[in-house]
1. Considering only protein heavy atoms and a probe of 1.4 Å, how much of the accessible area of the stretch 1-119 is carbon and sulfur, as a whole percent?
2. Quick one: net charge of residue 8's neighbours, Cβ under 9 Å, K/R +1, D/E -1?
3. As a test of reading the structure, rank 3, 241 by solvent-accessible area (1.4 Å probe, protein chains only), most first.
4. Report the Rg/Rh value for the chain, based on alpha-carbon coordinates and the Kirkwood definition of Rh.
5. Expressed as a whole percent, how much of the Cα-Cα distance distribution for the stretch 1-115 exceeds 21 Å?
6. Using helices alone, I'd like the mean residue ellipticity at 222 nm for the chain: each DSSP H run of four-plus residues gives -39500 (n - 2.57), total over residue count, nearest 500.
7. May I ask you to evaluate 6.51 cos²θ - 1.76 cosθ + 1.60, the Karplus curve with θ = phi - 60°, for each residue of the stretch 156-168 and list the ³J(HN,Hα) values in order in whole Hz, giving x for glycine and proline?
8. Give me the angle, in degrees from 0 to 90, between the Cα long axis of helix 293-303 and the longest principal axis of the Cα atoms of the chain, rounded to the nearest 10.
Amino acid sequence: MEKEARIYVAGHRGMVGSAIVRQLRQNGFTNLLLRTREELDLTRQTDVEAFFRDRRPDYVFLAAARVGGIHANRTYPADFIYNNLAIQTNVIDAASRYGVRKLLFLGSSCIYPRESPQPIKEEYLLAGPLEETNQWYAVAKIAGLMMVQAYRRQYGFHGISLMPTNLYGPGDNFDLATSHVLPALLRKFHDAAAEGRPEVTVWGSGRPRREFLYVDDLAEAAVFLMEEYDAEEIVNVGAGKDISIAELAELIAETTGYQGRIVYDTSMPDGTPRKLLDISRLTALGWKPRTSLREGIRKTYEWFLSEAEPPERRRSGAGSLF
Ligand code: GFB
């Protein structure tokens, strides 16, 4: 990408989009096209077409999506399938029609079959049934990556697709009803420590295993692939390691200085038993993750304390940051 190229980051106010913007700016790209949801509703096809026709972006990072944790996925299946299908369909089609030179689509590790052998290779896509709690989101993301492949085959469109593992970092959603596990536990343990509560409830059995990638690492991988990769095959992006939810809870208790008990609510779902990506395709291209989980959690907690937490609720001298 030339430094003056017009780069549209769709979803720039979300955790992933804002990390991609930070990475692009750090790399000297200045001509960024950004639109808030109020300025451009990506579910409206005619508005999306008008934007691409008038602004003619050269490159597109498609990081706009309806996302959420296990509970949000189960509660709002229609929102997850409709919004994601609409956004990605409109953006990919308009990008192909209006001369975009390359588009990067962000999928998710939940596109793979629930019982995939571990670590999960890209070729396991569609080899078995999906995890029930997030199948609506997964089907939308599978449609997106296949649309990118179809447009490459039929129109020679340069679209590529990345499959990130579970992401976390600054800008994450800390709302307990809709968030993913890592920000949820940061908030729960922080609040319990601040209020001196003796017990924190973690959903499920604590046994599922997840892989967590710091969002700035994902953003670096996305910009790297936009510049270095141009093929139909999807590419996994992960940290290369996973941990159990119980181990994650211990780590977050330590970070936030929480010393009470941890209890498990087994009436809440575990979801996929294990989700560790095989990242050898990406590492063979020359990229590897850099932020350890401990460091990433520390940075995320710092961000939470400075941004997400209203000043009156901040603890003085709070939480050991390891
Ligand atoms: O992060 P999470 O919501 O999503 O949950 P998934 C991961 C695991 O953490 C599950 C457990 O076993 C949860 O039961 N967990 C424990 C909690 N306590 C909590 C809590 O307080 N909040 C939350 N949210 N979880 C999502 C998909 O699956 O992963 C999305 O639903 C997407 O579609 C995303 O693919 C990457 O890892 O299970």
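The values are calculated or read from the model by the stated rules, or taken from the named source; none is laboratory data. Keep in mind the model is a prediction, meaning the values are calculated, not measured. Ideal geometry is used to build each Cβ from the backbone, glycine not excepted, and the neighbour counts take in all protein chains shown. All accessible areas refer to the heavy atoms of the entire protein, side chains included, with ligands and DNA or RNA removed. Shrake-Rupley method; radii C 1.70, N 1.55, O 1.52, S 1.80 Å.
1. Using a 1.4 Å probe with all protein chains present, the stretch 1-119 comes out at 45 percent carbon and sulfur.
2. So the environment of residue 8 carries a net charge of +2.
3. Numbers: 3 100, 241 155 Å².
Reading off the accessible areas and sorting them downward yields 241, 3.
4. 0.97
5. Of all Cα-Cα distances in the stretch 1-115, 38 percent exceed 21 Å.
6. Numbers: 10 runs with 129 residues, N = 322.
The helix-only estimate for the chain comes to -12500 deg cm²/dmol at 222 nm.
7. My calculation for the stretch 156-168 gives x, 6, 8, x, 10, 10, 10, 10, x, 6, 4, 9, 7 Hz in order.
8. Value to nearest ten degrees: 90.
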